[in-house]
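Okay, structure first, notes after.
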Amino acid sequence: MRIRKFRSISMCILSLALFINGCGSSSRESGISANNIARVGDTACIQCHSAVTEPLTGQSIITQYLNTSPHNTAALGCEACHGGGAQHNGVGPIPFPKPDVARCQTCHNGIVAPLTSAARYVDSKHATDTPSHLPGGSGNTSYICSRCHTSEGAILANIAGVTGDDGNLQFFNAANKIAYSGTYTAINCITCHEHGAGLRPILASYSTAKGSGTGTTIWNPSKTSDAKNNQFNLCTSCHNLYNYDGTKVIATGTSGTRPYITGGSAHNTRWNRIIASTHKEKGMATSIPFNNMTSAADGTNTRITGYALRMVAPPTTATTVAGKNYVTDPYYSGPCFDCHGHEANTNTGSSAPQGAGATIHTDWAQSAHGGQILTKKYAAYAASGNARTTAGVESVMQAYSDDTNAIGWTHYNWDSTLTSAGADDRGSCQKCHTATGFSNFANSPTTYDPVKNNFSHLQGWTQKAAAGASTGGSKRQNEVLYCWGCHSNAGTGKLRNPGPVTTDYTFNGAPVTFPNVGNSNVCVVCHGGRGNTQSARSSRFEGHHGTTAGMLFASVSHIGSEFAGKDYTPPSFFAHDKINASTSGPCASCHMQAAAKHTFSVVSSSSATGLITKIRSQAICDTCHTGTFAMTPTKLNDEEAGFTEATNLLLAYLANTVTNAYNTNINAIAVASMTDAQYSAFQNAKLPGDSPGAWAHNRFYAKRLIFDSLDAMQHGATLTGSLTLSPTLLSTYPNAAVWLGANATTGVATRP
């Protein structure tokens, strides 16, 4: 009897415990683990939860899950996120009733499931900003503002169709279509994601006439049914670029477009809040009459007014060459995530952010890789008097980069792959002068074929020049090296990895292959050069432009014009090419050490004098350079001054303004007619222009090249290994004398 009574009491206590530990309990409270609870499948979940609705919208969470969840599409089920439901049964515990970011990361770690930027959301502006511009509050009090500055406003606006240009928003504001009396919260996960992590659908009024709202339609500014572009549609429901069907740009009140928002709104006078000021999708070339968003008839000096968006992943379709199809970037995840992730912290601002305010995006956009486009935007706004007017915004919209500051991206119509005859036009240049070519090469160096590069996201692009035309491609848009060029996932920072890079040139008949230098492999692709000491003669530098890696690994590349019989083996203590070789590699280690990594600046310099004031990668230098060999800004300035003066002396010899051994202006001789010694000196004099950091990257190699070239100018084809600087030269080129090791009295210097 007592036993039965004890059992009855125990069962009651257990039932009460199960009731208390119901749906709201977690694995920590209940003592169960997601790893050891059996799963029951979605059918049981749907049977019980089909009537459960999302409190704000009143929509069924099961309907949301079945309609849009990627976990449902991939047949992972509810329990992939919530944990096994075998002990749940409606009232029992379930491991993760409200899965959070940490729960997502248990799978999305890059191994079990694709790596995400979920953790970065925690520090994003979406997560950290408080809801602002609330209805009834101070300042902007309209419902228009709460449409994007609060989570609730954004969600309800998506349903009501309060999305788009000023006419749409003003009408719905007057009609009070976003009626909400609860507490407003900041933008968070559920602002963008429905139950199950699918993206929320968006509606918009299909009438854009102010004061009317005849109905709603799907918000689809991408003008496609590509699922990856749903991301673009969602992001641009607040960060507007186009109206609901992609037929009109939402920008400023000038250039024939409607204002972003009318009345006293800040946005139509705040360029940094208007996406069109920095992003140029191909349709905009015809929507906005930007006469400067173009190039000359021959495709030269294209003016770049903004970043070209890849609205759709290029399809695998036939090229103009039989048997070849365009390639599709396997890592393409939509136009927004090409460069952004869940960090949501671009922080452009109306003027250049400083210190902690700077971000990867603002650093990159002012760098040479980004064409310094943002620098031009800031300058244009400053020139307008930093005026918060539509005219001030217009000046920024029109600002562009060209040959004066971004010649590597603007000088030619780089996306013109073939001539009208089918021969190479700029196809061979595309792996370094376009993000599309670079990404395709980095994905698969051994199978890369420029004919398969698809630039259909550029306005008016054709692969092949038309008959009689001097060039094909797009004469209105060029690419720069976008985030998606180097990164397969910009949000997480994951790099493409081409592996050890094999160049287009050879040495002694064998391919030149650089060593594997980890993350720096992506740098070597384009900074390894396109020629070397054995390449065909050229009036330009044989190594091409920006040959940093080629100079660093000169023992492999032989990128300078080396003199026969001379030893260019690096000294035993040379270690620049071995810095963190198996991890970040020398390029990334030195140029991406400081907080502002994506400026790629290894030093800071005075804007007034140009002199180096700080070594940003000082810690790397200090690893080897200690004691009397410690590296300082002063030493770097001295090295650069010596290199520059020594090259200037070489230029004077070549021009025969300082009499050379041939007593002739060697620059006036056709390169094919120069002697070997003359040609090498002619080539090496180009180092400051095409490899300006040679004195730092590989000091002894650069010094030997210049020394031997000066030797040839003083003694002709037979080098002596010695130089003599006259008193006049010692006085005129004092830094060169020190750099070359010349005796201060006799002027004699010996080959280093």
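The values are calculated or read from the model by the stated rules, or taken from the named source; none is laboratory data. This is a predicted model, so every value here is computed, not measured. For neighbour counting, all protein chains shown are included, and Cβ atoms are generated from backbone atoms with ideal geometry for every residue, glycine included.
Contact map, segment 662-682: first residue on the phi > 0 side of the Ramachandran plot and assigned by TED's automatic domain parsing to the domain that holds Leu651, second residue of a type outside the set (D, E, K, R) and surrounded by 12 or more Cβ atoms within 10 Å (Cβ to Cβ), Cβ cut-off under 7 Å, separation 6 or more or different chains; pairs are Asn663/Asn656.
If you filter segment 67-80 down to residues that are without any contact (Cβ under 8 Å) to a residue 40 or more places away in the chain and part of a helix (DSSP H, G or I), you find that the one that is surrounded by the fewest Cβ atoms within 10 Å (Cβ to Cβ) is Thr73.
Only one of the numbered conditions (1) buried (at least 18 other Cβ atoms within 10 Å of the Cβ); (2) in contact (Cβ under 8 Å) with a residue 40 or more places away in the chain; (3) in a helix (DSSP H, G or I) is not met by Thr362, and that is (2).
Looking at Thr286, Thr294, Thr236, Thr252, can you tell me which residue is assigned by TED's automatic domain parsing to the domain that holds Ser146 and modelled with pLDDT under 85? Working first, answer last.
Details: Thr286 fails: assigned by TED's automatic domain parsing to the domain that holds Ser146; Thr294 fails: assigned by TED's automatic domain parsing to the domain that holds Ser146; Thr236 fails: modelled with pLDDT under 85.
That would be Thr252, the only listed residue that is assigned by TED's automatic domain parsing to the domain that holds Ser146 and modelled with pLDDT under 85.
When Tyr482 is tested against (1) in contact with an Asp or Glu (Cβ under 8 Å, 6 or more places away or on another chain); (2) within 16 Å of Cys429 (Cα to Cα); (3) modelled with pLDDT of 95 or more; (4) not charged (D, E, K, R), only condition (2) is not met. Taking the numbered list (1) surrounded by 22 or more Cβ atoms within 10 Å (Cβ to Cβ); (2) out of contact with any helix residue (DSSP H, G or I) (no Cβ under 7 Å at 6 or more places or on another chain) in turn, Thr302 passes all entries but (2). For Gly509, indicate whether it is farther than 30 Å from Tyr326 by Cα and free of Cβ contacts under 8 Å to residues at least 12 places away in the same chain. It is true that Gly509 is farther than 30 Å from Tyr326 by Cα and free of Cβ contacts under 8 Å to residues at least 12 places away in the same chain. Considering (1) buried (at least 19 other Cβ atoms within 10 Å of the Cβ); (2) among the β-branched types (Val, Ile, Thr); (3) out of contact with any His (no Cβ under 6 Å at 6 or more places or on another chain); (4) at pLDDT 85 or above, the lone condition that Thr185 does not fulfil carries the number (1). Within segment 427-467, can you find the residues that are within 25 Å of Thr503 (Cβ to Cβ), part of a loop (DSSP other than H, G, I, E, B), of a type outside the set (S, T, N, Q) and touching a strand residue (DSSP E or B) at 6+ places or on another chain (Cβ under 9 Å)? Once the filter is applied, which keeps residues that are within 25 Å of Thr503 (Cβ to Cβ), part of a loop (DSSP other than H, G, I, E, B), of a type outside the set (S, T, N, Q) and touching a strand residue (DSSP E or B) at 6+ places or on another chain (Cβ under 9 Å), segment 427-467 yields only Pro445.
Of all residues in segment 225-236, those that are closer than 22 Å to Leu156 by Cα have Cβ atoms under 7 Å from Cβ atoms of residues that are of a type in the set (Ser, Thr, Tyr) and crowded, with 18+ Cβ neighbours inside 10 Å, 6 or more apart or on another chain, in Asn229/Ser222; Phe232/Ser222; Asn233/Ser222; Thr236/Tyr242. Against the test of being buried (at least 20 other Cβ atoms within 10 Å of the Cβ), outside any helix (DSSP H, G or I) and of a type in the set (Ser, Thr, Tyr), the options Tyr412, Tyr381 yield a single qualifying residue, Tyr412. Is it fair to say Met592 is free of Cβ contacts under 8 Å to residues at least 12 places away in the same chain and touching a Phe, Trp or Tyr at 6+ places or on another chain (Cβ under 8 Å)? Judged against the criteria, Met592 is a match. Given the criteria surrounded by fewer than 22 Cβ atoms within 10 Å (Cβ to Cβ), closer than 20 Å to Gly437 by Cβ and of a type in the set (Val, Ile, Thr), does Thr502 qualify? In short, yes.
Residues of segment 550-575 that are surrounded by fewer than 17 Cβ atoms within 10 Å (Cβ to Cβ) and either of a type outside the set (Phe, Trp, Tyr) or over 25 Å from Ala712 (Cβ atoms) (or both): Ser555, Ala564, Gly565, Lys566, Asp567, Thr569, Pro571, Ser572, Phe573, Ala575. With respect to the conditions (1) assigned to a loop (DSSP other than H, G, I, E, B); (2) at pLDDT below 85; (3) not acidic (Asp, Glu), Asn168 falls short on a single one, namely (1).
Within segment 33-66, being surrounded by 13 or more Cβ atoms within 10 Å (Cβ to Cβ) and aliphatic (A, V, I, L, M) holds for Ala34, Ile37, Val40, Ala44, Ile46, Leu56, Ile61, Ile62, Leu66.
Among the residues of segment 39-57, is there at least one that is closer than 23 Å to Ala227 by Cβ and either modelled with pLDDT of 90 or more or of a type in the set (S, T, N, Q) (or both)? Scanning segment 39-57 turns up at least one residue that is closer than 23 Å to Ala227 by Cβ and either modelled with pLDDT of 90 or more or of a type in the set (S, T, N, Q) (or both). Note on segment 468-494: among residues that are hydroxyl-bearing (Ser, Thr, Tyr) and either part of a loop (DSSP other than H, G, I, E, B) or in contact with a helix residue (DSSP H, G or I) (Cβ under 6 Å, 6 or more places away or on another chain) (or both), the one that is surrounded by the most Cβ atoms within 10 Å (Cβ to Cβ) is Ser474.
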